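What follows is a single structure, written as structure tokens, with notes after it.
Where a number appears in this text, it was derived from the coordinates with a stated rule and is not lab data. Model, not experiment: these values are computed from the prediction. We place every Cβ from the backbone using ideal geometry, glycine too, and count neighbours over all the protein chains shown.
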Amino acid sequence: MSANLLLGLSPILIVSLGALLLMMAEALSKLRNEARESPSSSLAMGSAVVLASGGVASLALWLQGPDNLMEARAALAPWLLIDRFSLFFFVILTLGAFLTVLLAGGYLPEHKLDRGEFYPLVLLSTAGAMALAAAGDLLTMFIGLEVMSLGVYAMVAFRRGSPRSVEAAMKYFLLGSFAAALLLYGGALLYGATGKTDFSSISFQLAHTGYANPTNLQQLAWENSTPLMVIGLILVVIGLAFKISAVPFHMWTPDAYEGAPTPATTFMAGAVKAGAFAMMIRVLMMAFGDVRSASWGSGWPPVLAALAVATMTVGNLIAGRQESVKRMLAYSSITHAGYMLVGVVAMAGTARAEANGAVLFYTLIYTISTVGAFGALILCGSRGAEAVSYEDLAGLGKRNPAVALALSLFIFSLAGIPPTAGFFAKLYLFKAAVSGDYIVLTVIALINTVIGAYYYLRVLVFMYFREPLPGAPIAKPMKSGHVAIALVFAALLVLALGILPSKTLQAALSSTISG
Amino acid sequence: MNATLGAMIDLWPAILAGAVGALVPRKPSTWQRAGIGVIAALLVLFVMKLWPDAAVAAAPSAPSGEWPHLLTFLIGLPLAGAILMLFMPRQSPGLLRAMTMGILLVDLVASLWLLTVPMGVGWHFVSVHDWIPALGIRWHVAVDGMSLWLVLLTTFITPIAAYVSFGSIGTRIKDLCFSLLLLQAAMLGVFLSLDMFLFYVFWELALVPMYVMIGVWGSADKIKAALKFFLYTMGGSVLLLAALLYLVHTYSKLTGTMSFDYLALNKVLLPKHVQMMCFWGFAIAFFVKVPLFPLHTWLPDAHVQAPTGGSIILAAILLKMGTYAYMRFGMGLFPFAAGLQSATLAGVAVFGGILYGALCSWKQDDLKRLVAYSSVAHLGYVMLGLFAGTQASMQGSLLQQINHGVSTGALFLLVGVIYDRRHTRTITEFGGLAKVMPVYTVVFVIITMASIGVPGTNGFVGEFMVIMGTYGSLRLGKFGGVDAVLAAAGVILAAIYMLSVVQRVFFGPLKNPKNRDLPDLNVRETLALAPLVIMVFVIGLFPSVLLSRSAAAVSAFEMRNRLVWMSAQELGEGEPKLVTQDMLLEGASGSAREGMANTLDEMDRGAPVIPPPPAADKPAADKKEASK
């Protein structure tokens, strides 16, 4: 195994080795007095360091350019593809997980859930998501997906005394396994149709079997395999749509998000969704990116466009009716998946590179903002007085202006109001969609943005304009250095990327899939 | 040694931030000081590294006597003040008030500099910097005869509104100061930016502080009103965004470069039906803000619920953002579509604005609601002037925008005065106030006259010019005369509803015992009202002070629109293309052509340069031409 190979794999290796090390450390630390010292404080910092170094390694590789890693790429292909696209997603994933563990470092001790397993689970899950983002083969994709999901199932059930949490985990686990089975079945059909499992070969088969000077036998083979291909593609898309919680495969999302401890929710809304999107883009663009499959008339774009419209609209309409902020954020994350799907559809159009950059940039910004929003929600509550409903937030602007300001910033970013990064990300995404001539889709997305503003603003209304009802239980903000650091970090990123997006945008634009 | 010194000079913002971070906080330990300092320095370093490399874009040579950073300063000062406000102590409201007033007054004085420059055709105080080069987004601010008076109106009204607010609002002063400063920056940004992206950012940014002002200090039903205000405007602006993105997309297809600049986008000539759709996307966004019937329903609610200071800014300046943006961008980018729709829209402005607004106003029993509906009527004149599109009507409309800012701002202030004393605005509660509040009555009557448009006051000149311009408008064709007559009838209605209010509130017997001991205007209110009353007469008696500075810009604007109209008519439903000067000046020749060419050049000062298409593409383009 050469040094070059190690270098190319370093982001995933750092995170997974770190997970193993921390697991050991956690097991051995059972000897010490837990009453005196919280296991979270050291583990949170430890895993934050691991994730940060994983992120830095990915960033360094990105800057150095994957072209200098030819040896590693040749050795890893087609199972794992280390290109700029995966490296960009590595950065997003490690960033999302980094913020998550910091939030957990404050949340778990406060809510007496202080067990060290959480951190290795986050790390392992992140490693799975990274493998998923880099996967170039149906098999590695499935392994990555399962590694990622298993960790998350456990995290959702982390509050094991609470029936709600267990129910959420059970629901998520059952539906998740079902989706994984669909994905696997789809993969099997694709293999049956093409005889290949890696994306580039599947794409090669699609492009070269078919109608370009076929012999009779080839023609026959192709026509026989077409239904298999189509069903396989449909099943794979459904499996992925489940993970990104696109409507109508979203039913598990609100329950799982609400039942899980908030850091786990954060991780699901941020990193897991980003990983699934990376996979979706890679499968559709690499395996089914040929002219016929990616055309509006005969391929997947109209299906995905319908999913996007349904996801945006349904997510938005239900989000507006929620009484719990956490549930509202869950539905809003569904809506954002819809916006990103618009970008994915646009990638099939004429402005592919631009759409690719737009989706990547949007994913980055969405991850930061949504993690920030959940983080601020964590900071709003304390043990026994968690901030859950809108009423809990009443008058927070007066009681604790700093927390309220942080929450408003992230809410503004999610709603897409300048000068936050969320606005710019939306603008660029919609611009890419217009460039691809998907104007109707863009208009629907824009209208949805306005509907979204309604429920995002309600949070501000309660924080700044309402006083708590006398006698009503109110959320008492907690004090935690970990959470504060994570929020300050995320807030700075949201502002900096909103005002000066140029370089990051260029990085996103050049992070294309290399086949 | 020299190298170190050089590096230090390069990094001065970071070092400065570090020093400020280390020294400013009170009472931390040395370590904490060092930590905060390092974090501040690193943060600034981070921002410096992120900043686009391309330094100042080739700034057009500014005429001497114009400080190129003046406009940036005008916008930046309140913005910086707002950010600084976040770090000021909440416990000393006196300091916060003084700081806000200071910043607003400095802004006012600085804006007077704009008057020293002769405003001819074209842009002044142009300032261009690259912001997001990947998308061709630039910091492009400039002022011309059309925006000059609106900028001055903003810097003039906001200190007054702030001063009034400080008198009547006693809670959450810090939030109030923050909102006022942010609002000032955003409004100036809207009037000054020529980059459409920048414009959009400021347009949306102006929503937030106003939303806070209505939502925090409003009366009983404030939350609903605030939300209504926000959602109406935002609903309009996403349509604007969609149309804008399409325009930018077309521009980048035509030239191969991206730009959000107004001066670049106004070169794009779209086929008729596409132009129509883009025009409506822009127009609806602006009509919501104006507000034009039937999109006006948020306005009465917002005004009734807003605190006095908020109402003044809302009526005097925020609504002008809609009229100004329609004039500059709606008409400037799509002169053909705007022209085709103008007869219909003028009808809407007359019936839905002037007449309907006046009739609604007549029937109100809440003073503030009455003034709000009278705003709808007055803005009907403004919009009618724009739709008519003649030189006289557009200048009148511009003047009427200023007039409305002055007189309606003053009316809201006056209603606020009486509300502070009685905590009611119901007209039937009052009567005979002239006996207890003589000074107040005099001022109210003067402002009423201005609002009706009695000769000698400012309202007369604007309305007269609008009606006169409408009468002869070619765009409105045979409807021009009808519109003019009906608009003139609107003046009579204005007299009816305003005078009947004066009659019911100030004259007659003093029946209600609660009104017996009302104090007259106090010092603060007098100070706030005095400049407005003075302005009523200054504009009313010497309108040419304003008109002379805007005449050239308006006539050049009108000329360009006419030329683009002809080109667009020629294009019909053809492929979109870029307007060139030769295309525009096709029909003209000789010295007239030269003069027009000069004017067009002046109007393009500061426009982004379109790089010549790459050599490889050229033959292909030629072939296309040939095949045509």
Practice task
Using only the C-alpha atoms of region B:81-138, find the volume of their convex hull and express it per residue in Å³.
Solution key: 103
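Within 14 Å, Cβ to Cβ, of A:Ser177, how many net charges do the neighbouring residues add up to if Lys/Arg are +1 and Asp/Glu are -1?
Residues close to A:Ser177 contribute a combined charge of +1.
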Handout entry: Projected area averaged over orientations for region B:310-411, convex hull of C-alpha atoms, nm²
Key = 6.0
Problem - Descending principal axes extents, region A:358-515, alpha-carbon based, whole Å - result: 58, 34, 26
Problem - Radius of gyration and Dmax over the Cα atoms of region B:95-238, both given in Å - result: 16.7, 49
Handout entry: Computed Rg/Rh of the protein assembly as shown, alpha carbon atoms with Kirkwood Rh
Key = 0.99
Practice task
Quick one: check the C-alpha center-to-center distance for region B:539-604 versus region B:173-243, whole angstrom.
Solution key: 32
Handout entry: Projected area averaged over orientations for region A:12-148, convex hull of C-alpha atoms, nm²
Key = 8.2
Handout entry: Distance in nm between pseudo-label sites at A:Val488 and B:Val538 (7 Å out along the Cβ direction from Cα)
Key = 4.8
Completion exercise
Between the modelled labels at B:Glu594 and A:Val56 (7 Å from Cα along Cα→Cβ) the distance in nm is 6.8
Exercise for the section: For region B:289-340, evaluate the Debye formula with one uniform point scatterer on each Cα (no solvent term) and list log10 I(q)/I(0) at q = 0.22, 0.28 Å⁻¹, rounded to two decimals. Expected result: -0.81, -1.04
Completion exercise
Using the Kirkwood formula on alpha carbons, the hydrodynamic radius of region B:251-323 in angstrom works out to 14.7
Problem - Efficiency of FRET from Cβ geometry, B:Leu499 and B:Phe351, R₀ 22 Å, rounded to 0.05 - result: 0.45
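Partner chain Cβ atoms within 10 Å, averaged over the residues of A:436-446 - can you pull that number for me?
3
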Completion exercise
Long-range amide H partners of A:Ser389, meaning residues 5 or more apart or on another chain whose placed amide H is closer than 5 Å, are A:Val325
Handout entry: Label-point gap, in nm, between B:Asp221 and B:Lys363 - each point 7 angstrom along Cα→Cβ
Key = 1.6
Exercise for the section: For B:Thr297 and B:Gln391, compute 0.36 nm times the residue count separating them, minus their Cα-Cα distance, and round to one decimal in nm. Expected result: 30.7 nm
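Let me know the whole percent of all Cα-Cα pairs from region B:373-508 that are separated by more than 27 Å.
Taking all Cα-Cα pairs of region B:373-508, the fraction more than 27 Å apart is 26 percent.
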Practice task
Run a plain Debye calculation on chain B (Cα atoms as equal point scatterers, no solvent) and give log10 I(q)/I(0) at q = 0.05 Å⁻¹, rounded to two decimals, same order as the q list.
Solution key: -0.24
Exercise for the section: Distance check, please: which entries in B:Lys228/B:Lys511; A:Lys273/A:Lys398; A:Lys273/A:Lys326; A:Lys398/A:Lys503; A:Lys273/A:Lys503 exceed 27 angstrom between their Cα atoms? Expected result: B:Lys228/B:Lys511; A:Lys273/A:Lys398; A:Lys398/A:Lys503
Handout entry: Cα-based Rg of region B:377-439 normalised by 2.2 N^0.38 Å, two decimals
Key = 1.58
Fill in the blank from the handout: Measuring from the longest principal axis of the C-alpha atoms of chain A, the long axis of helix A:84-110 (C-alpha) lies at a number of degrees, nearest 10, equal to 20
Practice task
Which order do the peptides B:587-598, B:519-530, A:131-142 take when ranked by the mean count of other beta-carbon atoms within 10 Å per residue, highest first?
Solution key: A:131-142, B:519-530, B:587-598
Exercise for the section: Quick one: P(r) of region B:184-224 from all Cα-Cα pairs, 5 Å bins, percents rounded to integers, in order of increasing distance. Expected result: 6, 25, 23, 14, 12, 11, 6, 1
Completion exercise
The alpha-carbon center of region A:77-103 and that of region B:246-300 are separated, in whole Å, by 39
Completion exercise
Per DSSP, the loop-located trypsin sites (Lys or Arg not before Pro) within region B:319-374 having at most 16 other beta carbons within 10 Å are B:Lys363
Completion exercise
Rg/Rh over Cα atoms for region B:236-282, Kirkwood Rh, comes to 0.95
Fill in the blank from the handout: Shielding of B:230-239 by other chains, given as the mean Cβ count within 10 Å, works out to 5
Problem - Helix-only mean residue ellipticity at 222 nm for chain B, each DSSP H run of n ≥ 4 adding -39500 (n - 2.57), per residue, nearest 500 - result: -22500 deg cm²/dmol
Exercise for the section: With +1 on each Lys and Arg Cβ and -1 on each Asp and Glu Cβ, and nothing else charged, work out how big the dipole of chain B is about its Cα centre, in Debye to the nearest 20. Expected result: 1700
Exercise for the section: May I ask for the Kirkwood hydrodynamic radius of region A:432-477, worked out over all distinct Cα pairs and given in angstroms to one decimal? Expected result: 13.6
Completion exercise
Yeah, region A:266-348 with a ≥ b ≥ c from its alpha-carbon gyration tensor (a/c under 1.5 is rounded, else prolate when a/b outruns b/c, oblate otherwise) is oblate
Handout entry: Mean-position separation - Cα centroids, region A:148-196 and region B:322-388, in angstrom
Key = 58
Handout entry: Peptide A:447-458, shielding by other chains (average Cβ, 10 Å cutoff)
Key = 4
Completion exercise
One point scatterer per Cα, no solvent, Debye formula: log10 I(q)/I(0) for region A:394-433 at q = 0.14, 0.19, 0.30 Å⁻¹ comes out as -0.38, -0.56, -0.88
Problem - Share of pairwise Cα separations in chain A, more than 33 Å, in percent - result: 36
